[in-house]
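The values are calculated or read from the model by the stated rules, or taken from the named source; none is laboratory data. Nothing here was measured: the structure is a model prediction, and the numbers come from that model. No Cβ is skipped: glycine too gets one built from the backbone with ideal geometry, and neighbour counts run over all protein chains shown.
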Amino acid sequence: MRKELEKLVAIDREIGLLGHIGALLGWDQETYMPQAAGAERAEQLELVESLVHERFTRPELGELLSALGSTHENPGGDDRLSPDEKAYLRAFRRDYERRTKLPADLVAEIAKQTSLGQQAWAKARQANDFTAFAPHLERIVELMRREASCLSSGGNPYDALLDLYEPGATESSLTKIFSSLKAELGGILASIRSRPPLDAPFLSRECPKERQKAINDWLIGILPYDTERGRLDTVAHPFTTTLGSDDVRITTRYIEKLFVSGIFSTIHEAGHAMYELGIAPPPGFARTRLSEAASMGIHESQSRMWENVIGRSPSFWKRNYARLAELAGSTLEGVGLDLFIKGINKVESSLIRTEADEVTYGLHVILRFELESELISGRLAVRDLPSAWNDKMRSLLGIEPPDDASGCLQDVHWSAGLFGYFPSYALGNLYAAQFWDAMREDIPGLEKRIEEGELGLPLAWLREKIHAPGAAFTPGELIERVTGSALEARHFTDYLRAKYSTIYGF
Ligand code: CO
């Protein structure tokens, strides 16, 4: 390895270590930190972030990159470098440019306004008062436009924001794929609505937290998630966090009158964790930028595949249901496997994405995608957001929020400056279905083998094809390599039709 590259890798490893230290502070904050410790914890996290920023903005980095021939037009550097080295430089340059293209005063202003914005949002939601939040959102949208214009020279500002989370995604490419998805989901939803609704009252039966803990401890024992390299804890909003290359932790939550929520959160987060644990960078690049995920959408494909494609399938539960019913005690009394499968796949329009079923989930995401692209381009004024939101809820999901608190104020994303992030939730489903079809071609009798408990089999396939390369490929390159074609919505909609026509009998 060239001397300049070795230096770059050494600095990158320090950045990685600092990132993991920050993640540990964040994990503790969400799990076990005493309430009063918040103020100093915020300072600790800020210090770690400033140390990362200091390393990223050292003039030395720019010199090392140009000595290796890496430029904006040719990020992979000069031709004497190996393919692994080029992939590394490309990934490094991408993050380096993001860090260095934004002026320090803009970064500080975004941090300040999103912090104020989140506080204002929490109050406004509680008081159901959109007008109190509107001026904050106007400022944040304006800052997002400025950020976008620094990141891209010209072009559509929303594209620059999408690219932060899904490299290569653009408003026009997503509009194309989401418009066919929207039409198909609408059709599937209409077919489901033409059938009698599913009655599964067990879903809201009480299940005490201790019982749920026993269920979820058993569950992570069945999943091929390596608990010697991770652990499960409980929080208010479940997440997965990487504290080291051999330490990827997951969290879940126990809602007493919705015990399946915890089960599927656990499987979902385990899917994220197995991805992180499976990344295997080439020699010389361990614990660098190549140990990161290809994109948020690819990350979400791993969690959604385990949660839905595997975790809500009859093949998974045929083997495991008896034990679940035993652990759940009175909560699942009198509920057979068939009813359980139907219940966990029940389709019903709801006001919020987080508990949505597999069919309506994508519609929630499309709503956000359409509205945020209109906000960023200025086609929609912030003051008109509540009515635009309600119109879309009516046309896409057939329901209307009773108030703004459960409508456009429902979650934190926009107040936190997360514009461009939402589409990755729907892309995850699409990638997962397309990967799944490729896996089924490679592994004969896949469902049968899952039924026999061989969960290591899909994991080994995912590891080799998707996890191991980490950030070496863009999501577009990865899906082409693994499935032989670009991302298409039909794999997902075919999967949904097959699944729900069986469940609902249409
Ligand atoms: Co997720």
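Within the stretch 424-437, residues that are more than 13 Å from the ligand (Cβ to nearest atom) have Cβ atoms under 7 Å from residues that are not in a helix (DSSP H, G or I) in these pairs: 430/487; 430/489; 434/487; 434/488, counting only partners at least 6 apart in sequence or on another chain. Taking residue 262, is it in contact with a Phe, Trp or Tyr (Cβ under 6 Å, 6 or more places away or on another chain) and either over 12 Å from residue 467 (Cβ atoms) or not assigned by TED's automatic domain parsing to the domain that holds residue 469 (or both)? Yes; evaluated as a whole, the condition is true for this residue.
I'd like to know if the stretch 325-347 contains one or more residues that are closer than 19 Å to residue 199 by Cβ, away from the ligand (no atom under 16 Å from the Cβ) and in contact with a Pro (Cβ under 6 Å, 6 or more places away or on another chain). Yes, the stretch 325-347 contains a residue that is closer than 19 Å to residue 199 by Cβ, away from the ligand (no atom under 16 Å from the Cβ) and in contact with a Pro (Cβ under 6 Å, 6 or more places away or on another chain). With respect to residue 217, is the statement that it is among the acidic types (Asp, Glu), in a loop (DSSP other than H, G, I, E, B) and without any contact (Cβ under 8 Å) to a residue 24 or more places away in the chain true? Here the answer is no, as residue 217 does not meet what is asked. For the stretch 2-23, the criterion of being of a type outside the set (Val, Ile, Thr), modelled with pLDDT under 95, out of contact with any Cys (no Cβ under 9 Å at 6 or more places or on another chain) and part of a loop (DSSP other than H, G, I, E, B) is met by at least one residue.
Being under 21 Å from residue 140 (Cα atoms) and not in a loop (DSSP other than H, G, I, E, B) is the requirement here; does residue 384 meet it? Answer is yes for this residue. Here residue 261 clears all of (1) over 18 Å from the mean Cα position of the chain (by Cα); (2) surrounded by fewer than 23 Cβ atoms within 10 Å (Cβ to Cβ) except the condition numbered (1). Of everything in the stretch 372-381 that is of a type outside the set (Gly, Ala, Ser) and buried (at least 20 other Cβ atoms within 10 Å of the Cβ), the residue that is nearest to the chain's Cα centre (by Cα) is 372.
What residue, among those in the stretch 67-96 that are of a type in the set (A, V, I, L, M, F, W, C) and more than 21 Å from residue 475 (Cβ to Cβ), is surrounded by the fewest Cβ atoms within 10 Å (Cβ to Cβ)? Ranking the candidates gives 67 first.
Scanning the stretch 346-371 for residues that are assigned to a loop (DSSP other than H, G, I, E, B) and more than 19 Å from the chain's Cα centre (by Cα) returns 346, 347, 348, 349, 350, 351. Taken as a whole, the condition of being in contact with a Leu (Cβ under 8 Å, 6 or more places away or on another chain) and without any contact (Cβ under 8 Å) to a residue 60 or more places away in the chain does not apply to residue 262. For beta carbons closer than 9 Å, sequence separation of 6+ or different chains, a first residue in the stretch 452-463 that is assigned by TED's automatic domain parsing to the domain that holds residue 316 and a second that is small (Gly, Ala, Ser) and outside any helix (DSSP H, G or I), the qualifying pairs are 463/280.
Residue-wise test of (1) among the acidic types (Asp, Glu); (2) at pLDDT below 95; (3) closer than 24 Å to residue 357 by Cβ.
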| residue | (1), (2), (3) |
| --- | --- |
| 226 | yes, no, no |
| 237 | no, yes, yes |
| 242 | no, no, no |
| 246 | yes, no, no |
| 252 | no, no, yes |
| 262 | no, no, yes |
| 268 | no, no, yes |
| 276 | yes, no, no |
| 281 | no, no, no |
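Can you confirm whether residue 135 is at pLDDT 95 or above, in a loop (DSSP other than H, G, I, E, B) and not assigned by TED's automatic domain parsing to the domain that holds residue 234? The answer is no for residue 135. Screening the stretch 284-311 for residues that are part of a helix (DSSP H, G or I) and of a type in the set (A, V, I, L, M) and picking the one that is farthest from the ligand (Cβ to nearest atom) gives 290. Answer yes if at least one residue in the stretch 241-250 is in a loop (DSSP other than H, G, I, E, B), within 22 Å of residue 91 (Cα to Cα) and of a type in the set (Gly, Ala, Ser), and no otherwise. The answer is yes, given that some residue of the stretch 241-250 is in a loop (DSSP other than H, G, I, E, B), within 22 Å of residue 91 (Cα to Cα) and of a type in the set (Gly, Ala, Ser). State whether one or more residues within the stretch 29-51 are in a helix (DSSP H, G or I), within 25 Å of residue 295 (Cα to Cα) and in contact with an Asp or Glu (Cβ under 8 Å, 6 or more places away or on another chain). Checking the stretch 29-51: not a single residue is in a helix (DSSP H, G or I), within 25 Å of residue 295 (Cα to Cα) and in contact with an Asp or Glu (Cβ under 8 Å, 6 or more places away or on another chain).
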